[in-house]
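Q: Before we start, here is the structure in question, set down as structure tokens.
The values are calculated or read from the model by the stated rules, or taken from the named source; none is laboratory data. Because the structure is predicted, anything quoted here is derived from the model rather than measured. Glycine gets a Cβ as well: all are built from the backbone with ideal geometry, and neighbour counts include every protein chain shown. We work out accessible area using only protein heavy atoms, side chains counted, and drop any ligands, DNA or RNA first. Shrake-Rupley method; radii C 1.70, N 1.55, O 1.52, S 1.80 Å.
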Amino acid sequence: MDFKLSTIEDIDAIFKFYDWAVAFQKEKFNKHWKGFERSLIEKEVAESRQWKILVDNEIACVFAITFEDESIWKEKNNDKAVYFHRIVTNPKYRGQHFVKKIAEWGIAFAKENRLEYLRMDTWGDNMSLIDYYQQCGFDFIGIITPDFTNLPKHYEGITLSLFQIKVDS
């Protein structure tokens, strides 16, 4: 298993993963992503913030990171943190606990980059993901209403559950 930065050549595959995610969300929950602008993914790739996990040279999982997330984390955005977004697993690899693997990778990444927290969010009422993220080592921080400015469409009118792992130095 290899963690690699995504390339511009991966963008079509990333959107295929998002299509899989939306289909899965519709099957398992009452909310789903509303789509993303290609320019967002291109920017993340250009800024080395879009990642992929390879298993036998096949993309098994994709995710994005950022180093600020003020619309969601508000005053806590001042902390030194890496924020994880849009973690999607190829259906062929479901059940292999990629969020746990991302958390392990994220702790090493945070230490290397002198960051104090790994953070992520999900819909405030998605009990299945809330439980799963806690099983993966994330502490549940609480439920907030984000500032919807500059957020993708699927954030409009929702609450979010927040999670973090404090990284030991």
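Q: Out of (1) within 15 Å of the chain's Cα centre (by Cα); (2) surrounded by 16 or more Cβ atoms within 10 Å (Cβ to Cβ); (3) not β-branched (V, I, T), what's the single condition that is false for K76?
A: (1)
Q: So, in the range 7-34, exactly how many residues are more than 17 Å from L129 (Cα to Cα) and touching a His at 6+ places or on another chain (Cβ under 8 Å)?
A: Number satisfying all stated conditions: 1.
Q: Could you check the range 14-45 and list, in sequence order, the residues that are closer than 22 Å to A60 by Cβ, surrounded by fewer than 16 Cβ atoms within 10 Å (Cβ to Cβ) and of a type in the set (G, A, S)?
A: A23
Q: Still on this model: Taking L160 as the residue in question, decide whether it is under 18 Å from H32 (Cβ atoms), of a type in the set (A, V, I, L, M) and open to solvent by less than 10 Å² (accessible area, probe 1.4 Å).
A: It is true that L160 is under 18 Å from H32 (Cβ atoms), of a type in the set (A, V, I, L, M) and open to solvent by less than 10 Å² (accessible area, probe 1.4 Å).
Q: What is the number of the single condition among (1) loosely packed, with under 15 Cβ neighbours inside 10 Å; (2) among the polar types (S, T, N, Q); (3) modelled with pLDDT under 95 that T122 does not meet?
A: Going through (1) loosely packed, with under 15 Cβ neighbours inside 10 Å; (2) among the polar types (S, T, N, Q); (3) modelled with pLDDT under 95 one by one, T122 breaks only (1).
Q: Let me ask you something else. Quick check on the range 27-39. Is at least one of its residues acidic (D, E), at negative phi, within 14 Å of the chain's Cα centre (by Cα) and in a helix (DSSP H, G or I)?
A: no
Q: So, one more: Which of (1) free of Cβ contacts under 8 Å to residues at least 60 places away in the same chain; (2) open to solvent by 40 Å² or more (accessible area, probe 1.4 Å); (3) not acidic (D, E) does W105 not meet, given it meets every other one?
A: Here W105 meets the rest and fails (1).
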